[in-house]
Amino acid sequence: MAYSICVLTDFDCRPTGVTGHFRTNVLPFVDRANQPITDVDSWNSSRNQQRNWETILQLIGLYTQPQSISDIRMQNGRWEFEFETEFDDVFRLNEDPVGLLKQACRGVPIINYVQQQLTALLQPDVNIWFYPKGHK
């Protein structure tokens, strides 16, 4: 039976598909988040959104392979998505069903303002939240 986790974050973590360094030979195009990529600034912004997505997935992947990842959506000023795990206790730490995931992400650098390329640190229950689905 699958176990669903909801992730909320203040950081733009849309999977854009933009990886690697800027390449003029592929311009213009629209990334996977439907954003037009026409110059180095739009490339870097899209790349940073992808970096944030990769960081969050890597943190989840420390414990399990996420399954059935939903599309990311903006909800109440925060980015939100869900994923499933095969086992319900994979992130459990003591009484917290997502405690290991919170512990893993504490202090991990992430790009705070995609346009300005400033970094911040992930802080559970401050700028990133994890909930077993149905427990918000």
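The values are calculated or read from the model by the stated rules, or taken from the named source; none is laboratory data. Fair warning: this is a prediction, and the values are worked out from it, not measured in the lab. We place every Cβ from the backbone using ideal geometry, glycine too, and count neighbours over all the protein chains shown. SASA here: full protein model, heavy atoms, side chains in, ligands and nucleic acids out. Shrake-Rupley method; radii C 1.70, N 1.55, O 1.52, S 1.80 Å.
Data for the structure
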{"quantity": "Between helix 40-61 and the chain: long-axis angle, C-alpha atoms, 0 to 90°, nearest 10", "calculated": "20"}
{"quantity": "Where Phe22, Phe81 fall by accessible area, highest first, once all protein chains stay in place (1.4 Å)", "calculated": "Phe22, Phe81"}
{"quantity": "Relative contact order of the chain, pairs being alpha-carbon contacts under 8 Å that are 6 or more residues apart, as %", "calculated": "33"}
{"quantity": "Residue order for Ser46, Ser68, Ser4 - accessible surface, 1.4 angstrom probe, largest first", "calculated": "Ser68, Ser4, Ser46"}
{"quantity": "Neighbour cut-off at most 16 other Cβ (10 Å), DSSP loop, GluC sites (Glu not before Pro), the stretch 30-136", "calculated": "Glu86, Glu95"}
{"quantity": "Overall dimensions of the stretch 18-102 by Cα: Rg and Dmax, Å", "calculated": "16.4, 52"}
{"quantity": "Gain upon complete extension [Glu54, Ala120; 0.36 nm per residue less C-alpha separation]", "calculated": "22.2 nm"}
{"quantity": "1.4 Å probe accessible area per residue over the stretch 1-103, in Å²", "calculated": "55"}
{"quantity": "Given charges at Cβ of Lys, Arg, Asp, Glu: the chain dipole, positive-most of Ala104, Phe87, Leu122", "calculated": "Leu122"}
{"quantity": "Of all accessible heavy-atom area on the stretch 8-136, the percent that carbon and sulfur account for (1.4 Å)", "calculated": "47"}
{"quantity": "The stretch 24-87 - percent relative contact order, Cα under 8 Å, separation 6 or more", "calculated": "18"}
{"quantity": "By accessible area with a 1.4 Å probe, ligands and nucleic acids excluded, highest first: order of Leu122, Leu57", "calculated": "Leu57, Leu122"}
{"quantity": "Total formal charge among the other residues, if their Cβ is under 14 angstrom from that of Phe29, Lys/Arg +1 and Asp/Glu -1", "calculated": "+1"}
